Amino acid sequence: MTSETLPAPVAARLRRPTWRDPRLVVGVVLVALAVALGSWAVSAASRTVPVWAADAPLTPGEPLSAAALRTVDVRLGGGADLYLPADTPLPADAVVTRVVQPGELVARSAVGAAADVDLRSVAVPVSGGLSDRIRKGRVVDLWFVPAPARTPGTEAPQPRSVVEGVLVEQVDAASTGLVVGSTATLHVLVPTDELPSVLGALGADGSVTVVPAAGNAS
């Protein structure tokens, strides 16, 4: 057979895909899944949840009460479980275990039982007024200033540090700022192992002075 007698090639006819074509079905399913996944991601990212935030400073050992909290709607995504939800009751008999500043979201890790707080409240009388930097939730140092020596010619005793980095639980004062002659009572949270030093200084012949700790905001 010569090339002149070969049959002419027949062009293959293209068939329009139909719903019976598995490739078309798979493609449609993949597109639908991509659209659904994108919609879910956008919806999840924009969804807000109500959680508790501190309305005032909260200090360790303070009972957790709705009166000191407010509800805020925030976008937390997968981190929502880290905070106390405002749409469920507060844990019964729960207390704050660390300082929570105003506006801060209340983390589950900041809430526990009273037995978890190894601090005791001690009242410290302060003469001469308090700086406005010393208020609830702030950190202060306590210094002991001995009374002047009664014997002439005796070297004056030097002040000494009593405890550093204790939290202010409450301030009972008639005024703020540095006011000469005013008296205030400062309630500080002292670790139990530091109680002997603090109570000893309060009972000694002299006075306890409160100093704002370094790093406290003004």
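On the basis of the beta-carbon distance and an R0 of 22 Å, Ala204 and Arg133 show a calculated FRET efficiency of 0.25. Around Pro50, with a cut-off of 9 angstrom between Cβ atoms, what is the net charge of the other residues, counting Lys and Arg +1 and Asp and Glu -1? Within the 9 Å Cβ shell, the charges total -2.
Model label sites at Ala113 and Asp193, defined 7 Å from Cα along the beta-carbon direction, differ in position by 2.3 nm.
Inter-label distance, Asp55 to Ala32: 5.0 nm, where each label sits 7 Å from its Cα along the C-beta direction. FRET efficiency for the pair Ala149 and Arg98, taken as 1/(1 + (r/R0)^6) with r the Cβ-Cβ distance and R0 = 41 Å, rounds to 0.45. The share of C-alpha pairs in the stretch 118-212 whose separation exceeds 22 Å stands at 28 percent.
Ala67 to Ser161: extension gain in nm, 0.36 nm per residue of separation minus the Cα-Cα distance?
On the way: separation 94, 0.36 × 94 = 33.84 nm, distance 3.70 nm.
The span from Ala67 to Ser161 would gain 30.1 nm if fully extended.
What is the sum of charges around Val166, taking Lys and Arg as +1, Asp and Glu as -1, for the other residues whose C-beta is under 15 Å from the C-beta of Val166? In short, 0.
In the stretch 49-115, the ratio of gyration radius to Kirkwood radius, Rg to Rh, stands at 0.93 when only Cα atoms are counted.
Which FRET efficiency value, to the nearest 0.05, is calculated for Arg75 and Thr183 with the Förster distance at 45 angstrom and r the Cβ-Cβ distance?
Numbers: r = 48 Å, r/R0 = 1.07.
Approximately 0.40, to the nearest 0.05.
Read the figures in this text as sums done on the coordinates, not as results from a lab. These figures come from a predicted structure and were not determined experimentally. Cβ sites come from the backbone with ideal geometry, for glycine too, and all protein chains shown count toward neighbours.
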